[in-house]
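In what follows, a structure is listed as structure tokens, so that the remarks can point back to it.
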Amino acid sequence: MRRLPPLNALRVFEVAARTGSYAEAATQLGVTHGAVSRQIAALESWLGQRLFTKAGRRMVATPMASIFAAEVGSAFDRLAVAAQACGRPGARRILRVSAPTSFAMRWLIPRLHRYHAGHPHVEVAVTTVSTVLEELRGGVDVAIRRGVAREHGWPQHRVVPVLDDVDTLIMSPALFAHRPILEPADIAGHTLLASETRAGDWADWLEAAELQQLAGLPRQIFDHFFVTCQAVEDGLGIGIGPLPMLEIDVASGRLMTPLPDIRVARTGYVAVIPRQADAGNLFAGFVDWLVGEARGPVGVTSAGG
């Protein structure tokens, strides 16, 4: 029989060494910091040598432990691939995706039926975060965040640009018919709707429109953009909205952009996926689909296609 170290301790050790943090390992694994320490201590006892040394307030893997962790990670990757290959034919896989609420509601979810049509054995479980800068947590396969694809932005992860973002003026077609906005100065008679999560949108747009003198106009402020957007759709006022996130709403006639040439560039969205353990290329394949959707033609989507 093979003389193997405790497998659960190996799993904890690999995550701790890969993330460089006991605390991050505990978060990803859904256990306490103390549980991580105990599992690593058990593995150290089995091996008969230290795997981490204290550096300030952090525990840092020894050079030998770093090499060992890379081998353990590769072994887990091979195990994941083998398990996928031996799984039940046709068994459904769950892909866990985390995205900002507005992105999920306005861009991702309306398009998911197209992904499911091409991947009938994959179930996409979407969870939302309240801010686009929310830190990465365990239990997620693909995370959508606002950011740029820079090296070391998210350690141990691959970052892929997905969607550019620009802000422009949005309003309901019904409100436009009642009180049209044909030039920037026409906004003066309207109620301005704003979001706490997108502070500064109106100030930046007014500057781009050379209407800084209107910066003091009163505004109706909501906590999240998806609430603000609903208020705009209902004709309660005008807002600043991100394109191309709202292109489906514009194409369907729920929203319109009365002054589309006045735009403010914003930091776009990226997909963040772990560099390891992507059995069957599921995560990377989903990100490729996201990129294709972002580059594809705009159209009204529905459950029927």
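The values are calculated or read from the model by the stated rules, or taken from the named source; none is laboratory data. This structure is a prediction, so every number in the text was calculated from the model and none was measured. Each accessible area value is taken on the protein alone, full model and side chains, heavy atoms only, with ligands, DNA and RNA left out. Shrake-Rupley method; radii C 1.70, N 1.55, O 1.52, S 1.80 Å.
Before moving on, here are some points about what is shown:
- Overall Cα dimensions of the range 161-254 - principal axes, largest extent first, Å: 36, 29, 24
- Here, P(r) means the percent of Cα pairs in each 5 Å bin from 0 to the largest distance; for the range 212-262 it is 4, 17, 28, 24, 17, 7, 1.
- Which labelled figure in (1) 34, 21, 17; (2) 27, 23, 19; (3) 47, 23, 14 is semi-axes √(5λ) of the Cα gyration tensor in Å, once derived from the coordinates: (3)
- Annotation: residue 263 carries an accessible surface of approximately 130 Å², with a 1.4 Å probe and no ligand, DNA or RNA atoms counted.
- The solvent-accessible area of residue 45, taken with every protein chain present and a 1.4 Å probe, is close to 90 Å².
- Area of residue 46 that stays accessible when all protein chains are in place (1.4 Å probe, Å², to 10): 90 Å²
- For the chain, the mean residue ellipticity at 222 nm estimated from helices alone is -11000 deg cm²/dmol, where every DSSP H run of n ≥ 4 contributes -39500 (n - 2.57) and the total is divided by all residues, rounded to the nearest 500.
- Fraction of antiparallel bridges per DSSP, the range 142-260 only, in percent to nearest 5: 55 percent
- Once you divide the Cα radius of gyration of the range 1-78 by 2.2 N^0.38 Å, the number left is 1.02.
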